[in-house]
Each structure stands twice: as C-alpha cells, then as structure tokens.
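Have a look at the structure below before the remarks.
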Amino acid sequence: MQIKLRYFASLREYIGRSEQIIEADSGVTIRELWALANPDLMFPSNTLVAMNLEYVALAEVVHEGDEIAFFPPVTGG
Amino acid sequence: MQIKLRYFASLREYIGRSEQIIEADSGVTIRELWALANPDLMFPSNTLVAMNLEYVALAEVVHEGDEIAFFPPVTGG
Amino acid sequence: MLIKIAEQPFDPLRELQDYQDRNAGMSGKYGATSIFIGTMRDFNDGDVVSGMLLEYYPGMTEKCIAEAVGEAQERWSILECLVVHRVGEVYPNQPIVLVSVWTGHRGDAFDACRFIMETLKSTAPFWKKEIIDSNNVEGGEKGSFEPMRGERWVTGNSNGYARNNNG
Amino acid sequence: MLIKIAEQPFDPLRELQDYQDRNAGMSGKYGATSIFIGTMRDFNDGDVVSGMLLEYYPGMTEKCIAEAVGEAQERWSILECLVVHRVGEVYPNQPIVLVSVWTGHRGDAFDACRFIMETLKSTAPFWKKEIIDSNNVEGGEKGSFEPMRGERWVTGNSNGYARNNNG
C-alpha cells in the first residue's frame, strides 16, 4: 500500500524534503514507516506526529491512503 | 463645622434629595451624621459610604470640608 | 493610560484604533492585547429591557477605575491601558464599557484585563436603572427616564436596592 | 463561528466590525465580548527580530482551531466566535492572531477566549522562523526568508528544534 508522508518547518529543512510517498506492507506502524522512509535517521525527539490531520502516537497502525505528518513543536499565536 | 452629604441612585430617590449641607460638631462619626441628616430613617442595610471619594466605614470621623456620599451597591460594567 | 467617562454613545473599535494611533511609540513592543467590551442587552432576568439610565459619581468613579488600573500595573507588566465607560441613557446594543490592555506577553494581558474589569465592576460607583417592558407595565417607552412603573434599579447583588430597604 | 487563515496582513478591528455587521442577528443578545490580539514584536529573547515566516499545515491547522472552538462551545455559553490567524511573511507590529468571543455574560467570554487562545497555541500546527538582526549575523534583511545565518526556528518549548535534534 502507498502512504504519504509530510514534513514541516525545521524538520522539513533538516530532512530536505516536504513530502514523499512510501510503499509499505499493511499493518505497519508509523514508527516503522519512519524507519523505512529515513533509514539513516533515528526518529528525532520532540517530533510530533499526525495521521489524517489528527495527532497520533508512533505506535499507530497506518492504512492505505493515510497521510502521515511529522513536525516540530507548534508555536501557534 | 459644615459637611456635605450626597445621595445617589435609588437611595437619592428614596430620600428625595441628592445632596445637603449638615452642621455638625467636630469629632462626629458618619453614623452620627446620618442620624442628624435623616432623623426619621434608620441607616439602610446594603448602603455604601464614601468620604472624599474613598470607601470608608460608618465609624469614620469626619472633618470640616469633607464630602460624604451614601449609595446602593454598585453595578459597574 | 487613559480613562474616559463617555456621556454619549462610543464606538469601542474606533476608541481602540485612536488609542493605538496616538500611542504609536508602542508599535513593535506589544505582543498581546486583551480587550473586553460590555454591551447592553435587550433583556435581563427574563424581562425585555428597552433602555437604562447609568448614573455615576463624577470624581469617585474615575478614581476607582484609576486605582484598579494602578493595581493591575503593579501586579502585571503592562505597556498601555484604556478604559472607557458609558454613563447616561443607554439603549440595547450600545457599548457600556471597554477595557483594553497592551502587554508584551499574553498571560499578563488576559490577567490584567479581567482584573481591571472585575475590580471596576465591584468598586467603581455606577448604578443602572432599567426600563422594563413587561405585560403589567404601561410605561417603558424609550427616551423617558421619568419615574414610572416599569423601572428597576439593578444593583451589585442583583437585588433592587429599594426592595431590601426597610427604612 | 468563523475561522480564517490569512495569507496577507489583516486588520483585527476591521475583522471584528465586519463580523459583527454580518451577524447583526446577535445585536442586543450579547452582553460581553472578549477579544485577544497577538501582534508581532520587533524583539525576542533580547534579539532584534526584523520579520518571521509563519508556516502552517493547511487542513490540520483549521481543524485544530475548530476543535478548540468546539470544546469552548461545549464548556461555556457562546453566541459567536471569530478566529483569524496570519501565515506567511509577518513583520513587526503586524497582527498574528485574533480571537473574539461574544457571550451573554462576561465570565463566559473571558474564560472561552482564553481557553481558545491557549488551546490554539498548544495544539494548532503553526511554526515560526524568525529573522534575527544581531551583531554577528550579516543576514536578516527584510523580505528575504532564504536560508541564511540569522534565522531561528522558534518552537513551542522555546528551544530551536534543530538544536535538540541529534539525528
């Protein structure tokens, strides 16, 4: 299945891309997706995760068509 | 000495005047002044007292030139 | 810091704009503005209210507001503060009070604005007499504040003063 | 209820006026309006800041703000609510965020406005990158947000994200 990953703000700059499509097996968690997408990069501390525009934990299982976003702490207002 | 008394809002309407000048002896308290000014009227509960634009207690002693105001609870804002 | 008693209707948004324009020196220095606007409603306690007379104690009212602002300035870090309060005949949908506080950070702005408003409400001498339109009252026509049935003094403890007063 | 993301500078007082004009049905019904305006300052942590880039996550940002407003509507009695938030290039003295809540009574207005602002601040995805003018930085000219020395990501916990990140 195909999953869309998005990166924002300093994390986007750090990783060097704003989004990517990842091919993954069904039943994979977000933590595993990160490792597939960024094999040389441990998941950075302080990073927030959203699935389909909702905050979720790294242990969440993803499904076909999900959009997963990674970003630093927010500074709204 | 002469002391100016003022009445506001529903108390003014109840008493029927907005201000009066009272002749009193030096050393008199506000409670005594009220009795001089309104001999037939017990001091109404819930009434606030100001002396020279500051909230004070009825036991306060007044001095020549003081302005004493009596009024109901405030409803600012 | 500016405290105004307005005997005529005022426009809170215009007051805010004017005040910011006159205090251009604070541009870039404030990060937070907390504003409260109190507006007259056309009902209260289930009654239709067609207007009210807002009475005050000239001199003492301004002094009480200034003391509330002064205490807020001691407790929080405030750049500027504006308070405008209506008096006189007020009709539904007209603004009654405006409190605005400009600060560096939002916590100070929220705290100080609310403190000033609550302190003003409990200490500044204002009294309102509502004109009530209700079924058993003939009076209540707009523009008249002469004594009539259909008037009600509204006091700080939500009880009519005269009703509590047994002389 | 209206939530707007503004890609261009906006005038909070005009937004308030327009919103009240468009919601004339609430005239006479609201007794309290609590408004918060966040404005960009020209300094932060002792540095002169000449501008910033405010990034957001289209879709999720609006959703988070709507959830904050929805929760406020469950907890307090709210007549109307307006939230406007800037994104893009922001310069000192430009408004960043406006939250306004119209209610019957002032306690609800104060509580709900602050709740929405705090919830927005902690949950809605916005990130700011400041352009710093400091002695040892050549960059920082206005209008340029290209990567250069003198930029600083400012994060929710006041630490630069990249600095915490050990890969």
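Bear in mind that the values in this text are calculations on the coordinates, not laboratory data. Predicted, not measured: the structure shown is a model, and the values here were computed from it. No Cβ is skipped: glycine too gets one built from the backbone with ideal geometry, and neighbour counts run over all protein chains shown.
Counting other beta carbons within 10 Å of each Cβ, put D:Ile35, C:Ile5 in order, fewest first. Don't skip to the answer; put the middle values down first.
Values: D:Ile35 25, C:Ile5 16.
Placing the least packed residue first, the sequence is C:Ile5, D:Ile35.
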Inter-copy separations for A:Ser18, label at 7 Å along Cα-Cβ, nm, ascending: 6.7
Please report C:Trp102, D:Trp76 as a ranked list, fewest other C-beta atoms within 10 angstrom at the top and most at the bottom. D:Trp76, C:Trp102
Given pairs C:Lys121/D:Lys129; C:Lys4/D:Lys63; C:Lys29/C:Lys129; B:Lys4/C:Lys121; C:Lys63/D:Lys121; C:Lys129/D:Lys121 and cut-off 30 Å on Cα-Cα distance, the over-length ones are C:Lys121/D:Lys129; C:Lys4/D:Lys63; C:Lys29/C:Lys129; C:Lys63/D:Lys121; C:Lys129/D:Lys121
Please report the net charge: other residues with Cβ closer than 12 Å to the Cβ of D:Leu79, K and R +1, D and E -1. 0
Neighbour counts of other C-beta atoms within 10 Å: give me D:Phe126, B:Phe43 arranged from fewest to most. B:Phe43, D:Phe126
Which whole-number percent gives the relative contact order of segment B:2-71, counting Cα pairs below 8 Å spaced six or more residues apart? 45 percent
Taking R0 as 35 Å, what FRET efficiency do you get between D:Glu74 and C:His105 from their Cβ-Cβ distance, rounded to the nearest 0.05? 0.80
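How many Cβ atoms of partner chains, on average, are near each residue of B:51-60 if near means within 10 Å of its Cβ?
Mean partner-chain Cβ count within 10 Å for B:51-60: 2.
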Restricting the count to DSSP beta bridges whose residues both fall in segment D:1-92, what percent are antiparallel, rounded to a multiple of 5? 50 percent
MRE, 222 nm, helices only [DSSP H, n ≥ 4, -39500 (n - 2.57), over the protein assembly as shown, to nearest 500]: -8000 deg cm²/dmol
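Nearest 20 debye, what's the magnitude of the dipole of the protein assembly as shown about its Cα centre given +1 on Lys and Arg Cβ and -1 on Asp and Glu Cβ?
60 debye
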So, in Å, what gap is there between the alpha-carbon centers of segment A:3-33 and segment B:21-77? 75 Å
For label points placed 7 Å from Cα toward Cβ, what is the shortest-first list of nm distances from C:Ser27 to its copies? 3.5
Taking placed amide H atoms and a strict 5 Å upper bound, the residues 5 or more places from D:Gly51 or on another chain that come that close are D:Ile131
With each pseudo-label sitting 7 Å past Cα toward Cβ, what's the A:Leu36-D:Tyr91 distance in nm, one decimal? 4.6 nm
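Work out the FRET efficiency for B:Ile21 and C:Asp21 from their Cβ-Cβ distance, taking R0 = 30 Å, and round it to the nearest 0.05.
Once rounded, the FRET efficiency stands at 0.05.
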Select from A:Leu36, A:Leu53, A:Phe8 the residue farthest towards the positive end of the dipole of segment A:2-71; place +1 on Cβ of Lys and Arg, -1 on Cβ of Asp and Glu, and compute about the Cα centre. A:Phe8
Where in segment B:6-31 does the amide nitrogen come within less than 20 Å of the point 7 Å from the Cα of B:His63, taken along Cα to Cβ? B:6, B:22-31
Inter-copy distances for A:Gln2, label 7 Å out on the Cα-Cβ vector, sorted ascending, nm, one decimal, are 9.6
